[in-house]
1. Just to confirm my filter: which helices (runs of 4 or more DSSP H) fall fully inside the range A:39-134 and include at least 3 residues that are under 30 Å from A:ASN234 (Cβ atoms)?
2. Can A:ILE141 be described as at pLDDT 90 or above and under 30 Å from A:LYS189 (Cα atoms)?
3. Output the strands (runs of 3 or more DSSP E) that fall wholly within the range B:60-107 and possess 2 or more residues being within 14 Å of chain A (Cβ to nearest Cβ), or say none.
4. Conditions: (1) more than 18 Å from the chain's Cα centre (by Cα); (2) surrounded by fewer than 19 Cβ atoms within 10 Å (Cβ to Cβ); (3) not acidic (Asp, Glu). A:PHE238 meets all but one. Number of the miss?
5. B:PHE50 passes all but one of (1) modelled with pLDDT of 95 or more; (2) of a type in the set (A, V, I, L, M, F, W, C); (3) assigned to a strand (DSSP E or B); which number fails?
6. Take the conditions more than 14 Å from chain B (Cβ to nearest Cβ) and among the acidic types (Asp, Glu) and apply them to A:GLU202. Does it pass?
7. Among residues belonging to the range B:82-96 that are modelled with pLDDT of 90 or more and either small (Gly, Ala, Ser) or in contact with a Phe, Trp or Tyr (Cβ under 6 Å, 6 or more places away or on another chain) (or both), point out the one that is surrounded by the most Cβ atoms within 10 Å (Cβ to Cβ).
8. Within the group B:VAL36, B:VAL48, which residue is more than 14 Å from chain A (Cβ to nearest Cβ), under 30 Å from A:ASN234 (Cβ atoms) and aliphatic (A, V, I, L, M)?
Amino acid sequence: MLRKDTFRFMRDGTHVKILILKGIIFISAVIFIVPLIFTIAYSFIIDNTFSFSGYKELLFDCFIFYRMFWNSMMYAGIIMLCQIFIIILAAFSFHFARFKGKKILFLFYVVLMMMPLQVVILPNYIGLRDMGLLNTRLGIILPMIFSPFGVVVLYQYIRGIDVYSVEAARLETNSIFKILIHIVVPQLKVCIYAVALFIFSECFNMVEQPMLFLNDEKLKTLTTFISQSDNYNNNVLFPASVIFIIPVFLFYIFFHDELEKGLRFL
Amino acid sequence: MKSKIIPIVLCALFYCSMILLTLFSRRIYNNSLPNVKVERLPKKVFSVVFDYTSMGYGYTEGERRSMAIPKEIYDLGKIFIVETGMKNGEERTFVRLLNQVTIGFDDEDNYEVLEGISEKAFVVVNGYEKLNDGDEVYVIKDKR
């Protein structure tokens with residue numbers, strides 16, 4: 001026996017809209033995840049048969065892979081830690097400090113943030129060449145630790161923190177660093193984790209800077225290993241791509257509770 | 001903290017595996033390769049006899065200093081020299097089989113090499129029995 005509200009969902013457009021939206025999200029998710037599934041699947045397929053020989057060759061016959069993997073980890077880790085340190089100080093200063101030209105300086109940061117890499121990479125190259133930092137690790141690390149993206153994001157978040165707690169802390173102490181470390185930073189933890197993930201992912205995935213600024217194979221990263229496929233056996237590329245995904249994935253699952261809270265804000 | 005146990009375990013497993021593989025994978029791979037000893041062929045003095053009987057002069061004896069190859073290597077037909085080649089972005093050591101080696105006189109243990117092997121070439125003197133042309137090898141370094 002049909003109830004009166006059986007076909008209510010057809011008259012009420014909201015449910016249909018939600019269904020359509022969910023369909024679009026599902027299709028988008030499938031489009032994004034299919035290449036990943038293919039990469040994982042092809043890493044186990046050699047000459048149309050299921051085989052672990054790709055992984056065996058990569059892990060036991062391609063030793064340059066390990067050097068490039070640890071280079072990528074080192075660059076991403078150092079850049080992330082340095083950037084977080086600088087970002088916190090810069091965002092705190094932008095919100096709490098009063099100085100002339102603050103708004104213009106922040107606008108400058110926003111404009112820099114919106115510039116694509118292709119615009120800034122040549123000035124970076126010229127600057128590094130003149131400083132004698134080409135083909136060095138510092139040549140990769142230094143330009144990346146002063147990225148404006150994290151400053152802008154953290155500044156927007158810091159505007160929403162409890163100002164009264166800062167005011168109360170100023171009654172207790174005059175030390176700005178103590179207020180920053182004990183009052184402000186704990187309130188920014190969620191946003192810091194989200195920004196840290198973006199920074200780590202961006203640095204781990206960078207390919208243009210190692211290819212342009214580094215000549216020495218010992219300094220190059222895993223992205224150059226995957227992009228320079230001519231030098232290596234084809235069997236190792238898909239397994240290398242799978243292993244390449246793992247560090248950022250582990251970072252995400254380690255902090256995913258905090259990241260979801262931070263990403264909701266972003 | 002309970003929700004972090006699985007990520008911590010996964011991270012620990014992954015990074016410990018990568019560290020162990022970084023430290024030991026080359027040793028494991030080298031142990032799976034044929035281990036060979038290589039040497040430049042030494043020069044030895046061979047007693048030589050030249051037959052001039054057709055010219056009416058009889059036989060002439062003398063001595064000649066030439067490269068010497070052990071008889072067991074030549075008789076087995078496994079004269080390998082080592083060459084370097086690129087594999088997976090690194091220089092590796094491979095062996096090449098020499099088929100056209102001309103020998104001359106011999107002594108108790110060695111044949112005289114007339115042509116086919118360069119003086120600078122490193123010949124496999126140990127571990128050549130199971131090698132094939134083009135195989136990758138691990139050269140055992142003399143600890144002297």
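The values are calculated or read from the model by the stated rules, or taken from the named source; none is laboratory data. Just so you know, these numbers come straight off a predicted model, no measurement behind them. Don't worry about glycine lacking a Cβ; one is built from the backbone with ideal geometry, like all the others, and counts go over all protein chains shown.
1. So the answer is A:53-61, A:64-96, A:117-131.
2. It is true that A:ILE141 is at pLDDT 90 or above and under 30 Å from A:LYS189 (Cα atoms).
3. Values: elements: B:80-87, B:90-97, B:102-106.
Output list reads B:80-87, B:90-97.
4. Failing condition for A:PHE238: (2).
5. Unmet condition: (1).
6. yes
7. B:VAL95
8. Residue meeting the stated conditions: B:VAL36.
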